[in-house]
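Quick note: the coordinates plus some simple rules give every number you see, no bench work behind them. None of these values were measured; they are calculated from a predicted model. Using ideal geometry, Cβ is built from the backbone for each residue, glycine included, and neighbour counts are taken over all protein chains shown.
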Amino acid sequence: MEALSEYLNYVDYLPTIVAFLALFYCWKDVGARWLIITALTIGCIDNYSVQYAINWTTHYYAWAIFVNLLYIFPILYRKKLARKIYNSTNSSFFYEASKLKFSPQEAAGMLICSISIIGNAISYVEIFLYKGYVIDVMYFKSYALDKLQFILHILSTLVILSFFYKAKGLNYETGRA
């Protein structure tokens with residue numbers, strides 16, 4: 001378990017690093033660019049604020065839930081958000097982003113974030129039960145949450161890597177796959 005927590009420190013930054021590389025590789029794909037830019041923005045907020053949130057101990061899990069909701073927000077409200085930014089900037093990128101359809105990568109990202117929200121919510125409740133002397137051991141937090149987060153970070157990295165595969169199949173001469 002201790003060896004896993006050491007790797008988790010590195011794996012925590014893996015999706016952000018891979019997303020940064022994917023952004024350059026998939027620049028011509030508007031859908032990939034929109035999702036990667038929003039994920040990178042929230043990832044940078046996440047990576048910067050974790051150093052402060054980790055000191056909250058009990059309420060760290062509420063922060064983790066909030067960050068996962070931040071990842072879901074631009075997926076659910078892409079059309080409205082992109083349209084609002086387009087109206088402010090007149091950038092054709094945001095107009096194109098507002099016309100996009102729901103992608104498999106967005107569905108996978110929402111599923112990963114939803115699982116993370118559930119895991120963090122279980123740990124959050126478990127901590128309150130422990131502090132209230134209702135339970136003696138926080139089993140989920142102690143034995144499952146780190147492993148779950150490790151797996152979810154790997155899966156989110158694979159979702160981002162799927163943009164490489166998708167971009168490789170695009171024919172930029174004709175604009176078709």
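At the listed q of 0.12 Å⁻¹, the Debye profile of the chain, built from one uniform point per Cα, gives log10 I(q)/I(0) equal to -0.62. About the centre of its Cα atoms, the chain shows a dipole size close to 980 debye [charges on the beta carbon of Lys, Arg (+1) and Asp, Glu (-1) only; nearest 20 debye].
Put +1 on the Cβ of each Lys and Arg and -1 on the Cβ of each Asp and Glu in the chain; which of Ile117, Phe140, Tyr10 then has its Cα farthest toward the positive end of the dipole? Selected residue: Ile117.
Which percent of Cα-Cα pairs in region 88-164 sits in each 10 Å bin, short to long? Computed distribution, short to long bins: 17, 31, 24, 17, 10, 2.
Counting lysine pairs in the chain that sit 8 or more residues apart in sequence, or on different chains, and whose Cα atoms lie under 27 Å apart gives 22.
Ranking Val50, Thr38, Trp27 by how far each Cα lies toward the positive end of the dipole of region 2-168 (charges on Cβ) leaves Trp27 at the top.
When the Gaussian network model of the chain links Cα atoms closer than 10 Å, the mean-square fluctuations of Ser142, Ser123, Ser98 top out at Ser142. Long hydrophobic helices in the chain: the complete DSSP H runs spanning 15 Å or more by Cα along their own axis with mean Kyte-Doolittle hydropathy of at least -1.0 are 14-25, 30-53, 60-76, 104-131, 145-168. Spin-label pair Ile54-Lys80: with each label point 7 Å from Cα along the Cα-Cβ axis, the two points sit 3.5 nm from one another.
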